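Student: Here's a structure for you.
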Amino acid sequence: MYNTLLTDLSDGILVVTINRPEKLNALNKEVFAELNLVLDEIVNNSDIQSVIITGSGVKAFVAGADIAEFVGLSAEEGIVVAKHGQGTFFRIANAPKPIIACVNGFALGGGCELAMSCHFRIASDNAKFGQPEINLGLIPGFGGTQRLAQLIGKGKAMELILTGNMIDAATALQYGLVNHIVSLENLLEKAKELLKVVNAKAPFAIEAAIKAVNASLDYSKKGFEIELEAFGACFSTADSKEGIQAFLEKRKPVFNRQFES
Ligand code: COA
């Protein structure tokens, strides 16, 4: 039914697998469009009680937004891309049914942001998290600057976003980014075990709880708006063009490190 997603519904739990393993499940336009379709299905299909999002293969959950689609974007186009990403991830965060991430490998950039938009996260022991956009001369644009700070605290978020360094599953657990670590083979089982407990509760209360817990965080629109503008502005720099091109050419970027107007 979908081109880039696999879906499997059993016992009220919909498993959504992002399925572009040859590109480490990078989020291109089609994945975003299909994620929005599956979100419609999640809301409208009463057989779905809760949802797991995971990645195909043993290497990656999602290795980021598809960098190939970033080539040549103007600042305005960058904002449009970020708005679309933020909008999709807001739909996940505000979904009336629990959506949890089973992080089965790299969760980088948009992949980390996707996992953070889910209601909570479980990781396999090979999982790796990071916001490496800085290496492309960019910043996280799909809610990452806001949600990472909310989840692990401003200091640690700042370090990860400014260095672009990755953290392993054990560090993610220590930081509170994930709730549990299990082996890759047990990842979906662990998630299903937890969701079975949740699925036995009253749906109205589940929806109300999600709404209330979300409201406990300062989802100040301003932070997200600042992120949009700043993400877009990065695309008007020569450094971001160099960072994106260097990734695609499999070489290290050479940044000129000058601020541009
Ligand atoms: N966008 C587009 N393509 C991506 C991608 C992304 N975010 N991440 C990986 N890929 C592609 C690679 O280009 C490669 O494609 P190819 O085989 O056609 O050349 C394929 O997925 C496999 O990735 P590769 O880099 O060869 O795997 P690796 O094991 O050497 O490295 C990573 C794994 C995750 C460290 C590396 O792929 C990476 O750094 N990805 C980008 C992460 C990133 O910057 N994300 C934020 C984007 S905003």
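Student: Which residue out of E133, E193 is over 20 Å from N104 (Cα atoms) and either open to solvent by 60 Å² or more (accessible area, probe 1.4 Å) or within 16 Å of the ligand (Cβ to nearest atom) (or both)?
Tutor: One residue alone meets the criteria, E133.
Student: Kindly check whether there is at least one residue in region 182-190 that is within 22 Å of G155 (Cα to Cα) and touching an Asp or Glu at 6+ places or on another chain (Cβ under 7 Å).
Tutor: Within region 182-190 (the criterion being within 22 Å of G155 (Cα to Cα) and touching an Asp or Glu at 6+ places or on another chain (Cβ under 7 Å)), the answer is no, since none of the residues qualifies.
Student: Separate question: Quick one: in region 97-106, which of the residues that are out of contact with any Asp or Glu (no Cβ under 9 Å at 6 or more places or on another chain) and of a type outside the set (V, I, T) is most open to solvent (accessible area, probe 1.4 Å)?
Tutor: Checked region 97-106; the qualifying residue most open to solvent (accessible area, probe 1.4 Å) is F106.
Student: Within region 65-75, is there a residue that is closer than 23 Å to A123 by Cα, touching a Gly at 6+ places or on another chain (Cβ under 9 Å) and aliphatic (A, V, I, L, M)?
Tutor: yes
Student: Looking at (1) within 20 Å of the chain's Cα centre (by Cα); (2) acidic (D, E); (3) open to solvent by less than 80 Å² (accessible area, probe 1.4 Å), can you tell me which one E225 breaks?
Tutor: (3)
Student: Out of (1) within 13 Å of the chain's Cα centre (by Cα); (2) within 16 Å of the ligand (Cβ to nearest atom), the odd one out for A101 is which?
Tutor: The single condition A101 does not satisfy is (2).
Student: Restricting to region 27-50, and then to whatever is open to solvent by 30 Å² or more (accessible area, probe 1.4 Å) and among the small types (G, A, S), can you tell me which residue is nearest to T4 (Cα to Cα)?
Tutor: Within region 27-50, the match that is nearest to T4 (Cα to Cα) is A33.
Student: Assess whether G109 counts as being on the phi > 0 side of the Ramachandran plot and within 16 Å of the ligand (Cβ to nearest atom).
Tutor: yes
Student: For region 51-82, enumerate the residues that are among the β-branched types (V, I, T), outside any loop (DSSP other than H, G, I, E, B) and open to solvent by 50 Å² or more (accessible area, probe 1.4 Å).
Tutor: Residue satisfying the conditions is V80 alone.
Student: Answer with yes or no whether N3 is over 24 Å from A202 (Cβ atoms) and either within 11 Å of the ligand (Cβ to nearest atom) or in contact with a strand residue (DSSP E or B) (Cβ under 7 Å, 6 or more places away or on another chain) (or both).
Tutor: no
Student: Count, please, the residues in region 106-154 that happen to be closer than 17 Å to L173 by Cα, touching a residue at least 60 places away in the same chain (Cβ under 8 Å) and part of a loop (DSSP other than H, G, I, E, B).
Tutor: So the answer is 4.
Student: For K59, work out the one condition from (1) within 14 Å of the ligand (Cβ to nearest atom); (2) farther than 22 Å from E22 by Cβ; (3) not aromatic (F, W, Y) it doesn't fulfil.
Tutor: Here K59 clears every test but (2).
Student: Here's another thing I want to ask about it. Could you please give the count of residues in region 112-130 that are open to solvent by less than 20 Å² (accessible area, probe 1.4 Å), within 13 Å of the chain's Cα centre (by Cα) and more than 11 Å from the ligand (Cβ to nearest atom)?
Tutor: 7
The values are calculated or read from the model by the stated rules, or taken from the named source; none is laboratory data. Remember, predicted model here, so these are calculated numbers, not experimental data. Glycine gets a Cβ as well: all are built from the backbone with ideal geometry, and neighbour counts include every protein chain shown. We work out accessible area using only protein heavy atoms, side chains counted, and drop any ligands, DNA or RNA first. Shrake-Rupley method; radii C 1.70, N 1.55, O 1.52, S 1.80 Å.
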